[in-house]
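None of the figures in this text is laboratory data; all of them are computed from the coordinates on show. Remember, predicted model here, so these are calculated numbers, not experimental data. Cβ coordinates were reconstructed from backbone atoms using ideal geometry, including for glycine residues, and neighbour counts include every protein chain displayed.
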Amino acid sequence: MTLNGKVAIVTGSGRGLGLAYAAELARRGAAVVVNDVDEEAAAGAVEAIRGAGGSATAVVAPVGPARTARELADAAFDTYGRLDVLVTNAGVLRDAVLWKMSDDDFDTVIDVHLRGTFTCVREAATRLREQGEGGRIICVGSPTGQRGTFGQTNYAAAKAGVVGMVRTWALELRKAGIAVNTVIPVAATAMTATVPYFAAAVEAEERGEPMPGFFRRDLGFGTSDDVAGLVAFLASDAAAGITGQAIGVGGDRLQLWTHPEPAVTAYREGGWTYEALHDSFADEMGPLRSVGESFPPLPDDLRRPEGRAGR
Ligand SMILES: NC(=O)c1ccc[n+]([C@@H]2O[C@H](COP(=O)([O-])OP(=O)(O)OC[C@H]3O[C@@H](n4cnc5c(N)ncnc54)[C@H](O)[C@@H]3O)[C@@H](O)[C@H]2O)c1
């Protein structure tokens, strides 16, 4: 099997996308350190992986502090003798529009996603460098970090920060043969279940029916299992040359994101005074860039009353 003999840590893998990643890595032969703050969910994930013939052990601890990162790496080495793959998936949402977002909402999301990714990757990179056999680090971004979303200041900051760190780590860890990439998933999970726009897709999943093609193709919105294949691929030897990338996947859609780069460059001898900008900004810079994601209108048969939201 593709990942035979490899050992992976997947944070936040008690349910949702993390569980799908852990199960897929195990199905392909990796031993998995499952992590979650929810003890029951972590135990359930380990049971499911073992029940399917895989190897897994659980670490119940909150991602964020450095001590959890150490616990996770220790579990990989103490239980399975090595580490090959880290997937930093754990996440929470505390949505509120900027003027209603509390310090606590901001800090909680930054702590889990941004600090949690930093502490886990720092620990894994240290241990992988000591091991000296390369490795794979797969971090998790979001369309919100790429484009911005109304009501998600904290989450946008964290997820944009993850992509920024990944670009830096790809440079820093290249010599050690450690590939670092961001996966940008979109899938029906507890996190997306309350978004009214996705209600018809989530309902279909709950009934065990295939998701409507509009969601899978036009929106790139599918199941957690649809994302797991990319994680397994990036964890494999086949993906050794892929590093520093942000790769989006969901439903039937796969996307390679650009990294920010200057879209228009203009020069003026002596520099850009207020007057020069006033006179020529529009001509020099051309049309401005859009922000936010743009969603196509839902076909009539997939519209749900707003009341379906917030379950
Ligand atoms: N679902 C999507 O469409 C989508 C889109 C973009 C990004 N993401 C990202 O994918 C990841 C997983 O999302 P999901 O939709 O599966 O969410 P989810 O809420 O279904 O699952 C998240 C899991 O992380 C666990 N968790 C929360 N805080 C933790 C912590 N501090 N330490 C350890 N575990 C913790 C939760 O208990 C839960 O089991 C997140 O990073 C999320 O931001 C999801």
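Name the one entry in Ala56, Ala8, Ala26, Ala45 that is more than 16 Å from the ligand (Cβ to nearest atom), crowded, with 24+ Cβ neighbours inside 10 Å and either among the acidic types (Asp, Glu) or not in a loop (DSSP other than H, G, I, E, B) (or both). Testing whether each residue is more than 16 Å from the ligand (Cβ to nearest atom), crowded, with 24+ Cβ neighbours inside 10 Å and either among the acidic types (Asp, Glu) or not in a loop (DSSP other than H, G, I, E, B) (or both) leaves just Ala26.
Can we say Asp38 is within 20 Å of Gly161 (Cα to Cα), acidic (Asp, Glu) and surrounded by fewer than 22 Cβ atoms within 10 Å (Cβ to Cβ)? No, not satisfied.
Residue-level analysis places Tyr80 outside the set of residues that are in contact with a Ser or Thr (Cβ under 9 Å, 6 or more places away or on another chain), surrounded by 24 or more Cβ atoms within 10 Å (Cβ to Cβ) and of a type in the set (Phe, Trp, Tyr).
The single condition from (1) surrounded by 14 or more Cβ atoms within 10 Å (Cβ to Cβ); (2) under 26 Å from Leu171 (Cα atoms); (3) free of Cβ contacts under 8 Å to residues at least 60 places away in the same chain that Arg216 fails is (2).
All of (1) closer than 25 Å to Asp111 by Cα; (2) within 14 Å of the ligand (Cβ to nearest atom) hold for Val32 with one exception: (2).
If you go through region 85-115 one residue at a time, how many are part of a loop (DSSP other than H, G, I, E, B) and either within 14 Å of the chain's Cα centre (by Cα) or not aliphatic (A, V, I, L, M) (or both)? Step through it out loud before you land on a result.
Our first condition is that a residue be part of a loop (DSSP other than H, G, I, E, B); within region 85-115, this holds for 89-95, 97, 101-102.
Then keep just the ones that are either within 14 Å of the chain's Cα centre (by Cα) or not aliphatic (A, V, I, L, M) (or both); that gives 89-95, 102.
So the answer is 8.
Here His113 meets each of (1) within 11 Å of the ligand (Cβ to nearest atom); (2) closer than 24 Å to Lys6 by Cα; (3) touching a Gly at 6+ places or on another chain (Cβ under 9 Å) with one exception, condition (2). Comparison of Thr182, Thr144, Thr153 shows that the only residue that is touching a strand residue (DSSP E or B) at 6+ places or on another chain (Cβ under 9 Å), of a type in the set (Val, Ile, Thr) and more than 12 Å from the ligand (Cβ to nearest atom) is Thr153. Restrict the check to region 74-92 and report whether at least one residue is within 16 Å of the ligand (Cβ to nearest atom) and more than 25 Å from Leu25 (Cβ to Cβ). Checked region 74-92: no residue is within 16 Å of the ligand (Cβ to nearest atom) and more than 25 Å from Leu25 (Cβ to Cβ). Ala190 meets each of the listed conditions (1) within 14 Å of Gly16 (Cβ to Cβ); (2) out of contact with any Asp or Glu (no Cβ under 9 Å at 6 or more places or on another chain); (3) of a type in the set (Gly, Ala, Ser); (4) surrounded by 19 or more Cβ atoms within 10 Å (Cβ to Cβ) apart from (4). State whether one or more residues within region 274-292 are in contact (Cβ under 8 Å) with a residue 60 or more places away in the chain, out of contact with any Phe, Trp or Tyr (no Cβ under 8 Å at 6 or more places or on another chain) and under 22 Å from Val202 (Cβ atoms). Checked against the condition, which is being in contact (Cβ under 8 Å) with a residue 60 or more places away in the chain, out of contact with any Phe, Trp or Tyr (no Cβ under 8 Å at 6 or more places or on another chain) and under 22 Å from Val202 (Cβ atoms), region 274-292 yields no hits at all. Exactly one residue out of Thr258, Thr168, Thr243 is more than 16 Å from the ligand (Cβ to nearest atom), polar (S, T, N, Q), closer than 25 Å to Gly116 by Cα and not in a loop (DSSP other than H, G, I, E, B): that is Thr168.
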